[in-house]
Amino acid sequence: MSVALYLGEPRCGKTTLMRSHVYGSRAGVRAFFIVEHRPGDWDGAPFTVAQLRAAESIPRFCRFPGADPREVAQLAIDVGDVVLVDDEADGLFRSGKWHENPLLQILKRGEGGIPNAAGDNCAVHALLATHRPANLPADVVSLSQRIYIGRLRSFVDAERVYREGWLPDATSALAAQRLLSSRAVGAFTTWP
């Protein structure tokens with residue numbers, strides 16, 4: 001599983017695709033920690049970060065309505081063997097001190113294992129979505145194992161998709177914009 005990105009404009013089907021991956025997953029992980037931005041998008045028990053830290057057991061699906069996504073990312077590291085899910089991950093990418101952002105640890109070391117709060121080496125995975133791929137930090141892109149690309153209309157986003165080579169059929173940024181903007185809701189390609 002490791003790190004996957006879901007890219008596309010609002011209402012193109014990113015959350016629907018992520019939900020199918022999360023709820024259909026057979027991954028051998030302890031739990032999915034879901035940063036919930038809009039009520040009703042996700043199923044699972046609602047928690048605050050403090051409540052989950054104090055919980056005696058952790059359900060398979062944990063929602064964190066309105067939580068700071070960086071705090072949930074740090075919690076994912078501290079618990080270990082979990083998947084961080086954020087379908088509006090821009091708040092995770094923005095940080096005054098990127099080198100201290102817990103997401104960077106997950107990107108760089110999550111698959112191979114990061115010491116959790118108990119000192120055990122645990123895998124931490126991430127499923128992250130954004131509607132502005134042009135704003136993705138280079139580390140996020142280069143350390144992702146899978147990218148799902150849906151409908152995008154913005155030229156600057158299409159240019160990033162073209163420049164990164166995520167749309168092999170595009171012969172230019174303008175051609176990428178035409179191809180991406182004509183996609184139907186729910187239509188995604190994957191890279192690699």
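The values are calculated or read from the model by the stated rules, or taken from the named source; none is laboratory data. As the structure is a computational prediction, the values presented were derived from the model and not from experiment. Virtual Cβ from ideal backbone geometry, glycine too; neighbours counted across all protein chains shown.
Among the helices (runs of 4 or more DSSP H) confined wholly to segment 105-192, which include 1 or more residues that are modelled with pLDDT of 95 or more?
Values: elements: 138-142, 155-164, 173-181.
Of the helices (runs of 4 or more DSSP H) lying wholly inside segment 105-192, those with at least 1 residues that are modelled with pLDDT of 95 or more span 155-164, 173-181.
Does Ala170 satisfy the condition of being crowded, with 17+ Cβ neighbours inside 10 Å, under 13 Å from the mean Cα position of the chain (by Cα) and under 25 Å from Pro10 (Cβ atoms)? Write out each step before concluding.
Details: crowded, with 17+ Cβ neighbours inside 10 Å: yes; under 13 Å from the mean Cα position of the chain (by Cα): no; under 25 Å from Pro10 (Cβ atoms): yes.
So Ala170 fails the test.
Could you give me the residue pairs with C-beta distances under 6 Å whose first residue belongs to segment 35-64 and is over 26 Å from Gly13 (Cα atoms), whose second residue is aromatic (Phe, Trp, Tyr) and assigned to a helix (DSSP H, G or I) wherever it lies, and which are 6+ apart or on separate chains?
Close Cβ pairs satisfying both conditions: none exist.
Could you pull out the residue among Val83, Val22, Val72 that is at pLDDT 90 or above and not in a helix (DSSP H, G or I)? Working first, answer last.
Values: Val22 fails: not in a helix (DSSP H, G or I); Val72 fails: not in a helix (DSSP H, G or I).
Sole residue among the options that is at pLDDT 90 or above and not in a helix (DSSP H, G or I): Val83.
Residues of segment 15-27 being of a type in the set (A, V, I, L, M) and buried (at least 18 other Cβ atoms within 10 Å of the Cβ), which ones? Show your work before the answer.
First pass over segment 15-27, keeping only residues of a type in the set (A, V, I, L, M): 17-18, 22, 27.
Once the filter is applied, which keeps residues that are of a type in the set (A, V, I, L, M) and buried (at least 18 other Cβ atoms within 10 Å of the Cβ), segment 15-27 yields Leu17, Met18, Val22.
When you scan segment 14-33, how many residues do you find that are of a type in the set (Ser, Thr, Tyr) and either under 14 Å from Ala4 (Cα atoms) or touching a His at 6+ places or on another chain (Cβ under 8 Å) (or both)? Write out each step before concluding.
Here is the first cut: in segment 14-33, the ones of a type in the set (Ser, Thr, Tyr) are 15-16, 20, 23, 25.
Now restrict to residues that are either under 14 Å from Ala4 (Cα atoms) or touching a His at 6+ places or on another chain (Cβ under 8 Å) (or both): 15, 20, 25.
Qualifying residue count, segment 14-33: 3.
Look through Leu136, Leu143, Leu180 and report the one residue that is in contact with a Lys or Arg (Cβ under 7 Å, 6 or more places away or on another chain), within 22 Å of Glu71 (Cα to Cα) and not basic (Lys, Arg). So that I can check it myself, show each step before the final result.
On the way: Leu136 fails: in contact with a Lys or Arg (Cβ under 7 Å, 6 or more places away or on another chain); Leu180 fails: within 22 Å of Glu71 (Cα to Cα).
Of the residues listed, the single one that is in contact with a Lys or Arg (Cβ under 7 Å, 6 or more places away or on another chain), within 22 Å of Glu71 (Cα to Cα) and not basic (Lys, Arg) is Leu143.
Results for (1) surrounded by 17 or more Cβ atoms within 10 Å (Cβ to Cβ); (2) among the charged types (D, E, K, R); (3) within 15 Å of the chain's Cα centre (by Cα), shown as yes or no for each residue.
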residue: Gly13; (1), (2), (3): yes, no, yes
residue: Phe64; (1), (2), (3): yes, no, yes
residue: Asp68; (1), (2), (3): no, yes, yes
residue: Leu75; (1), (2), (3): yes, no, no
residue: Val85; (1), (2), (3): yes, no, yes
